[in-house]
Amino acid sequence: MALTNLILTVAGVSAVILLLRSDVKQSATIFRRNVKHIRHWLEEESASASKTAEKAVPKELETKLIQKGQMPSKQLVLA
């Protein structure tokens, strides 16, 4: 009876370890795939942001416009 209990316990523990190992491997694979997707998305966003930054016309500060003698588009209210 004790030998049977020992064999069943070893078999049960072995089955649990086997299932957990496969579950951990599967979770690690899914995690790696998700990291690759996120990295790809971030690279796409940074590339599109750099393209829009290159196309954007730099804005001049109002103080620089006043120094140049040009009036800014907004009316300055001097108090």
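The values are calculated or read from the model by the stated rules, or taken from the named source; none is laboratory data. All values derive from a computational prediction rather than experimental measurement. Cβ: placed from backbone, ideal geometry, glycine included. Neighbour counts: every protein chain shown.
To keep it simple, each residue is scored yes or no on (1) part of a helix (DSSP H, G or I); (2) at pLDDT below 95; (3) not hydrophobic (A, V, I, L, M, F, W, C).
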| position | (1), (2), (3) |
| --- | --- |
| T9 | yes, no, yes |
| V16 | yes, yes, no |
| V24 | yes, yes, no |
| N34 | yes, no, yes |
| E45 | yes, yes, yes |
| I66 | yes, yes, no |
| L76 | no, yes, no |
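The combined condition, being outside any loop (DSSP other than H, G, I, E, B), out of contact with any Asp or Glu (no Cβ under 6 Å at 6 or more places or on another chain), at pLDDT below 85 and at negative phi, is fulfilled by T52.
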